[in-house]
1. Report yes if Ala225 is open to solvent by less than 40 Å² (accessible area, probe 1.4 Å) and farther than 19 Å from Leu9 by Cβ, otherwise no.
2. Could you please give the count of residues in the range 87-114 that are of a type outside the set (S, T, N, Q), in contact with a strand residue (DSSP E or B) (Cβ under 9 Å, 6 or more places away or on another chain) and not in a strand (DSSP E or B)?
3. Contact list please: Cβ distance under 7 Å, first residue in the range 82-111 and touching a residue at least 40 places away in the same chain (Cβ under 8 Å) and open to solvent by less than 20 Å² (accessible area, probe 1.4 Å), second residue part of a loop (DSSP other than H, G, I, E, B) and polar (S, T, N, Q), pairs at least six apart or on different chains.
4. Quick check, is Glu232 over 16 Å from the mean Cα position of the chain (by Cα), free of Cβ contacts under 8 Å to residues at least 24 places away in the same chain, under 23 Å from Gly117 (Cβ atoms) and open to solvent by 70 Å² or more (accessible area, probe 1.4 Å)?
5. Going through the range 1-32 one residue at a time, which ones are assigned to a helix (DSSP H, G or I), among the hydroxyl-bearing types (Ser, Thr, Tyr) and open to solvent by less than 20 Å² (accessible area, probe 1.4 Å)?
6. Could you grab me the full set of residues in the range 36-81 that are in a strand (DSSP E or B) and either in contact with a helix residue (DSSP H, G or I) (Cβ under 6 Å, 6 or more places away or on another chain) or more than 17 Å from Thr21 (Cβ to Cβ) (or both)?
7. Report the residue count in the range 155-187 for those that are in a loop (DSSP other than H, G, I, E, B), open to solvent by 20 Å² or more (accessible area, probe 1.4 Å) and in contact with a helix residue (DSSP H, G or I) (Cβ under 8 Å, 6 or more places away or on another chain).
8. Pairs, please: C-beta under 8 Å, at least 6 apart or cross-chain, first residue farther than 14 Å from Gly75 by Cα and in the range 37-49, second open to solvent by less than 80 Å² (accessible area, probe 1.4 Å) and among the acidic types (Asp, Glu)?
Amino acid sequence: MRILVVSDLHYRLPHYDWLVTASEQVDAVAIVGDLADVVSAVPHEMQTVVLAKYLGLLADRTTVLAASGNHDLDGPGSHGEQVAGWLRRPVHGSLHVDGASVDIGDTRFTVCPWWDGPVTREEVSAQLAAAAVDRPARWVWLYHAPPAGTPLCDDGRRTFPDEELASWIAEHQPDIVLCGHIHQAPWIAGGTWHARLGRTRVFNAGKQIGKVPAHITLDTDAMTAAWFGVFESETISLA
């Protein structure tokens, strides 16, 4: 299986156009948060209409997994904490969004929402515990923020560690966790796009200028992860 991984597209429509074309060459596309951009001149409610159409175009071509990030929140849920309500209304059978776990072949994908407080944090905890039951050979999480204990949460000035994610990884030991959020992580001094927490591999493609977004292609048959960073690229073995 070939999985194309991006994050932090921040409503850059040329990147979505590229993604639609590239999606025809892979078995799944994983978008790991911040599809929208809260500082854009385009109103957020208009962004989400356009993004929903792009997600539909992608899902016409391949399986799509889309997790929310902090820029995607559009209002409080029934519990009063912020959620990406627009992303919880999937419009296509091949589109799997916040709160979903889906098995594709021998791989389970669990799509975690951005949580805003104790209620939504506990929802993520319960989601992961439920998805851990009878897990198949490979388990992949989508979770926007990188975990504590890795250089993936370092932007060169300070770190933004997600302690909860690190704790959940220690508890459940998934095979792969796909993240984003910290745009600079691959390019700072000593930075990187991949790390390990115990047996779990963690990836953050980063965000960079250019016509093509920074992205990672995971190949579960060849057991490789290939990163494209606009001005540089790298492939590592997952074996």
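The values are calculated or read from the model by the stated rules, or taken from the named source; none is laboratory data. What you are looking at is a predicted structure, and each value in this text was computed from that prediction instead of being measured. All Cβ positions, glycine included, derive from the backbone under ideal geometry; neighbour counts span all protein chains shown. Quick note on the areas: whole protein, heavy atoms, side chains included, nothing else; ligands and nucleic acids left out. Shrake-Rupley method; radii C 1.70, N 1.55, O 1.52, S 1.80 Å.
1. Details: open to solvent by less than 40 Å² (accessible area, probe 1.4 Å): yes; farther than 19 Å from Leu9 by Cβ: yes.
Spelling it out, Ala225 is indeed open to solvent by less than 40 Å² (accessible area, probe 1.4 Å) and farther than 19 Å from Leu9 by Cβ.
2. Counting residues in the range 87-114 that are of a type outside the set (S, T, N, Q), in contact with a strand residue (DSSP E or B) (Cβ under 9 Å, 6 or more places away or on another chain) and not in a strand (DSSP E or B) gives 12.
3. Qualifying pairs under 7 Å: Leu87/Ser68; Thr107/Thr220.
4. No.
5. Tyr16, Ser23
6. Val64, Leu65, Ala66, Ala67, Gly75, Pro76
7. So the answer is 3.
8. Gln47/Asp37
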